[in-house]
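A.B. asks: Structure in structure tokens, see below.
The values are calculated or read from the model by the stated rules, or taken from the named source; none is laboratory data. Bear in mind that the values here come from a model prediction, so they are computed numbers and not experimental data. Methodologically, a virtual Cβ is constructed for each residue, glycine included, from the backbone with ideal geometry; neighbour enumeration extends over all protein chains shown. For accessibility, only protein heavy atoms count, side chains too; no ligands or nucleic acids. Shrake-Rupley method; radii C 1.70, N 1.55, O 1.52, S 1.80 Å.
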Amino acid sequence: MSEVLKFAFKGNRDYVHGTSLFNALACAASQQGLAHGKIDVSFKHMIRNPVCVLEQRSPMSEDSVVARVSGQNDEHFVLCLNEASQTETADRQEFDEPEVCRGAVIGDKCIVQENPHHHDRIELLVSLCKKMHQECIDSSKRWVFSRYDGQFPIPTPGKVELRISKQIGTRLTCSDVLVNDQKIATMYFS
């Protein structure tokens, strides 16, 4: 399997947002017959070309994004996403992170949002996690979503909570992701 995809840049970013890549990988997993299961997505390099190539194959060290996907019946495969050799001008998509986080409550290295109003679930999780990092650890650092390891699709949330469970200074964190009081994943920011 090899497919060329074109992504929009969100807000004023000059790269493809990790949430767009995550959604494309989850969609590709579904198209390969895995409608739900576990996905472990690692973001290794920023993608600055809106045109990308998605392949189902063994990962290589130079891959920008690697997703290990598994199902309940021992089904598993790997998806890799990289910049294409051809390029195009990026389309722009509005993205209002403060609005996504509206109503969220920050605690001691945690954030909770009851009755989330944002429809894109990975955008919701990443935006909340970024806000928690900026307010609880370091507001001057540019925090980047670097890994999601957990359930897909993300369940419909009535309540979302993220808690930093491990931290290496201001270089790397691991956060537990709870949806409706059930842990569904861990997310890493660097």
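A.B. asks: Based solely on its DSSP helices, what 222 nm [θ] is calculated for the chain when runs of n ≥ 4 H residues each add -39,500 (n - 2.57) and the sum is averaged over all residues, nearest 500 deg cm²/dmol?
C.D. replies: On the way: 3 runs with 34 residues, N = 190.
One gets -5500 deg cm²/dmol as the mean residue ellipticity at 222 nm.
A.B. asks: Still on this structure: Any chance you could list P(r) for the stretch 108-190, counting all Cα-Cα pairs in 5 angstrom bins from zero, rounded to whole %?
C.D. replies: Reading upward from the zero bin: 3, 16, 31, 26, 16, 7, 1.
A.B. asks: Another one. First compute the accessible area of the chain with a 1.4 Å probe, then give the percent of it belonging to carbon and sulfur atoms.
C.D. replies: On the chain, the fraction of accessible area on carbon and sulfur atoms equals 46 percent.
A.B. asks: A follow-up question, please. Which three numbers, in whole Å and largest first, are the semi-axes of the equivalent ellipsoid of the stretch 95-155 derived from its Cα gyration tensor as √(5λ)? Each step should come with its number before you reach the end.
C.D. replies: Numbers: eigenvalues 65, 43, 26 Å².
Sorted largest first and rounded, they come to 18, 15, 12 Å.
A.B. asks: Separate question: Treating only the Cβ of Lys, Arg, Asp and Glu as charged (+1, +1, -1, -1), what charge dipole size does the stretch 1-139 show about its Cα centre? Round to the nearest 20 debye.
C.D. replies: Values: 14 positive and 21 negative charges, 17 e Å.
Here the stretch 1-139 has a charge dipole of around 80 debye.
A.B. asks: Still on this structure, I have one more. Given P98, Q134, L124, which one lies farthest toward the positive end of the charge dipole of the stretch 91-165, if we put +1 on the Cβ of every Lys and Arg and -1 on the Cβ of every Asp and Glu?
C.D. replies: Q134
A.B. asks: Can you compute the charge dipole magnitude of the stretch 70-140 about its Cα centre, using +1 on each Lys and Arg Cβ and -1 on each Asp and Glu Cβ, nothing else charged? Give it in debye, rounded to the nearest 20.
C.D. replies: The dipole magnitude comes to about 240 debye.
A.B. asks: Here's something else I'd like to know. Where does the stretch 35-112 land on Rg/Rh, using Cα atoms and the Kirkwood Rh? Intermediate results must be reported in sequence, preceding the final value.
C.D. replies: Working: Rg = 17.1 Å, Rh = 15.6 Å.
Looking at the stretch 35-112, the ratio lands at 1.09.
A.B. asks: Can I ask one more? Counting only heavy atoms of the protein chains, get the accessible area per residue of the chain (1.4 Å probe) and round it to a whole Å² value.
C.D. replies: Ligands and nucleic acids excluded, the result is 49 Å² per residue.
A.B. asks: Using the Cα centre of the stretch 121-190 as the reference point, and only Cβ charges (+1 on K/R, -1 on D/E), how large is the resulting charge dipole? Debye, rounded to the nearest 20.
C.D. replies: Numbers: 11 positive and 7 negative charges, 38 e Å.
Charge dipole of the stretch 121-190: 180 debye, to the nearest 20.
A.B. asks: Considering the alpha-carbon set of the chain alone, what are its Rg and its Dmax in angstrom?
C.D. replies: Cα radius of gyration and Dmax of the chain are 16.2, 46 Å respectively.
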